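Have a look at the structure below before the remarks.
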Amino acid sequence: MSQKQLKEAFISNLNGTSLLEISAGLSLPPLCLLCRGLLLILYYLHHGKPVSSRKYSLLLDFLVLVSPLLFSCTVLSPIIFFIPVILAAFCAGIFSKIYSQRKREARVPFGQIVKEFQKAYLDPECIPAITVFRVYVNVLTSISILAVDFPQYPRRYAKAETYGTGVMDLGVGAFIFGNALVCPEVRQKSHTTQPRFSSLARQVFAVWPLISLGVGRLLSVKSIEYHEHTSEYGVHWNFFFTLASVRLAASLLLAIFPKHKAWLVALALAVLYQLLLSTTSLKMFILHGSDGRDSRLGFLDANREGLLSLFGYLAIYLASVQVGLWLLQRRSSVRGWLQALKGLALAVLVLSVLLQLCQACTEPVSRRVANLPFCTWVLAHCLLLLGFFVLTDLALVFTKLLVEGSSVPCCWKVVQPPDSRKKGVQAVQVGRQDKLSQLCLISAINKNQLLFFLLANVMTGAVNILIDTIHSKAAFTLCILHLYMFFNCLIMYILHGRNIVLKFW
């Protein structure tokens, strides 16, 4: 077999992993975020000032927010269930140290601290969990698209061939989910009066970079004969085309139907698509098509997975729009977000039950056809990860109240109530937070997310061309992955430090 055939076989005919293992993996990013926040608060407690060096801030963020994920999906994957326990114990140790030292200095009863926490007001204009969710999906995707070509990346984490739940299968759906959370229909204020199809017109212009990237990827892959898995999207289709098509189709539907009924449109679309899969020959066509996948027989046949799975991805996008609208409801207190956390937990529980029912009544999860179980699974696990991030932010808010003056980038700002007279204090706190955001890797990636994803794709291609990834040793693999991610993060960090946003559409 040629090198190209070996690499294609290496990522083919896989069956995914268990839902429990994926859930354990999803707990790692929030724990890393919590660990970083607690370390920054502990540093402030000991030194009376935040970390001011850009160099040390970048190293801390990379070592705590990114590096553990690289290890957990490679050499530490056999003990994946123990890693969250170890991280949680480490975080508990840091919190205990902060609390015990603060208790000796302030002598404030724990009950009083809890009451102050519940009454605390948070900046209603910012929901850090959404930003962190989108950034981490991008980071995890960037890690996986290169790591999957190395033998240290477990085959069960890669995309399943037909049925199954792989980590990378979830990543595809999570990308759609994250995009919908901040789409124009969600961010647009409900009281503004704009033409019904104005958002659609903006989206037509906004998706041209995605279409350009899709065309660029298609031409580059075909010209250099880069290895590709055709049963993933088809002969010509790729994920950039899926993103662009879903955004356009969703904008059209949301221009016709009220956006606060998006979940109903999503449900109807997913159920009708599943009925077609179950009662017609559509599923057989997607999975088998014509022998040999001859593109001369038609564009639809050559790209049947990419084109027909759009119905499932569109359902996920519309349901995620509803989630975004719900999250952006004005909640200005910790108490309000604790209630929202209960709502997220209930939604995850209901969707998990529906997932089991869907699989029992229809078929297993399949990213390849984007069936109803796949849509339900993606929504359930995305809401689970989002809930973890909200819980992490609330835990950091509680810890910040223990150490007056401490701040954590990309975490909720504790502000004064609307009728408070302490506006000066609030302004100082907000100014300190804005300055600290300049020292945050999450903020840096968030400013240029599409560039980060594009750079990861280009670097992945370069590494695969230059290196025989399949036969790499563990130490070499870890070095390559760390250099690849650090270089990508460093570029984002430099651009962020110079306030450069490469978005002109």
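If you go through the range 211-234 and keep only what is of a type in the set (A, V, I, L, M, F, W, C) and at pLDDT 90 or above, you end up with 211, 213, 215, 218, 219. Return the only residue of 85, 66 being assigned to a helix (DSSP H, G or I), within 20 Å of the chain's Cα centre (by Cα) and either under 24 Å from residue 412 (Cα atoms) or not basic (Lys, Arg) (or both). None of the others qualify; the one that does is 66. Determine, yes or no, whether residue 119 is touching a Leu at 6+ places or on another chain (Cβ under 8 Å) and open to solvent by 60 Å² or more (accessible area, probe 1.4 Å). Spelling it out, it is not the case that residue 119 is touching a Leu at 6+ places or on another chain (Cβ under 8 Å) and open to solvent by 60 Å² or more (accessible area, probe 1.4 Å). For the range 144-171, name all the residues that are out of contact with any Gly (no Cβ under 9 Å at 6 or more places or on another chain), closer than 18 Å to residue 382 by Cα and open to solvent by less than 10 Å² (accessible area, probe 1.4 Å). Passing the criteria: none in range. Out of all the residues in the range 265-301, which are at pLDDT 90 or above and touching a Lys or Arg at 6+ places or on another chain (Cβ under 6 Å)? The answer is 277, 286.
Does the range 254-264 contain at least one residue that is open to solvent by less than 40 Å² (accessible area, probe 1.4 Å), modelled with pLDDT of 90 or more and either closer than 30 Å to residue 13 by Cβ or in a loop (DSSP other than H, G, I, E, B) (or both)? No: the range 254-264 contains no residue that is open to solvent by less than 40 Å² (accessible area, probe 1.4 Å), modelled with pLDDT of 90 or more and either closer than 30 Å to residue 13 by Cβ or in a loop (DSSP other than H, G, I, E, B) (or both).
From the list 245, 251, 223, the lone residue that is over 28 Å from residue 181 (Cα atoms) and part of a helix (DSSP H, G or I) is 223.
Scanning the range 460-505 for residues that are touching a residue at least 60 places away in the same chain (Cβ under 8 Å) and either open to solvent by 50 Å² or more (accessible area, probe 1.4 Å) or under 30 Å from residue 201 (Cα atoms) (or both) turns up 465, 468, 471, 486, 490, 505. Return yes when residue 119 is free of Cβ contacts under 8 Å to residues at least 40 places away in the same chain and of a type outside the set (Ser, Thr, Tyr) and no when it is not. Against the criterion (free of Cβ contacts under 8 Å to residues at least 40 places away in the same chain and of a type outside the set (Ser, Thr, Tyr)), residue 119 does not qualify. Among the residues of the range 42-57, those identified as over 14 Å from residue 410 (Cβ atoms) and part of a helix (DSSP H, G or I) are 42, 43, 44, 45, 46, 47, 54, 55, 56. Only residues that are more than 16 Å from residue 263 (Cα to Cα) and of a type in the set (A, V, I, L, M, F, W, C) were counted across the range 347-373, and they come to 10. Selection of the range 257-270 for residues being under 23 Å from residue 201 (Cβ atoms) and free of Cβ contacts under 8 Å to residues at least 12 places away in the same chain yields 257, 258, 261. All of (1) farther than 30 Å from residue 471 by Cβ; (2) open to solvent by less than 40 Å² (accessible area, probe 1.4 Å); (3) touching a Lys or Arg at 6+ places or on another chain (Cβ under 9 Å); (4) not hydroxyl-bearing (Ser, Thr, Tyr) hold for residue 50 with one exception: (2).
For (1) at pLDDT below 95; (2) under 30 Å from residue 283 (Cα atoms); (3) not polar (S, T, N, Q), each residue gets a yes or a no:
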residue: 153; (1), (2), (3): no, no, yes
residue: 157; (1), (2), (3): no, yes, yes
residue: 198; (1), (2), (3): yes, no, no
residue: 201; (1), (2), (3): yes, no, yes
residue: 206; (1), (2), (3): yes, no, yes
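Any residue in the range 1-23 that is over 30 Å from residue 356 (Cβ atoms) and outside any loop (DSSP other than H, G, I, E, B) sitting within a Cβ distance under 7 Å of a residue that is aliphatic (A, V, I, L, M) and open to solvent by less than 60 Å² (accessible area, probe 1.4 Å)? List the pairs, counting only those 6 or more apart or interchain. Pairs that qualify, where the first residue is over 30 Å from residue 356 (Cβ atoms) and outside any loop (DSSP other than H, G, I, E, B) and the partner is aliphatic (A, V, I, L, M) and open to solvent by less than 60 Å² (accessible area, probe 1.4 Å), are 6/470; 7/470; 10/470.
The helices (runs of 4 or more DSSP H) found entirely in the range 292-381 that carry 3 or more residues being open to solvent by 20 Å² or more (accessible area, probe 1.4 Å) and free of Cβ contacts under 8 Å to residues at least 24 places away in the same chain are 334-361. Whether any residue in the range 421-432 is crowded, with 17+ Cβ neighbours inside 10 Å, modelled with pLDDT under 90, in a helix (DSSP H, G or I) and of a type outside the set (Ser, Thr, Tyr) is what I want to check. Yes.
Checking 132, 137 one by one, the residue that is at pLDDT 95 or above, part of a helix (DSSP H, G or I) and either among the small types (Gly, Ala, Ser) or open to solvent by less than 10 Å² (accessible area, probe 1.4 Å) (or both) is 132 and no other.
The values are calculated or read from the model by the stated rules, or taken from the named source; none is laboratory data. On a predicted model such as this, the values are computed, not experimentally measured, just so you know. Please note: Cβ atoms are built from the backbone with ideal geometry, for glycine as well, and neighbour counts cover all protein chains shown. Side chains are part of the model used for accessible areas, which takes the heavy atoms of the whole protein and leaves out ligands, DNA and RNA. Shrake-Rupley method; radii C 1.70, N 1.55, O 1.52, S 1.80 Å.
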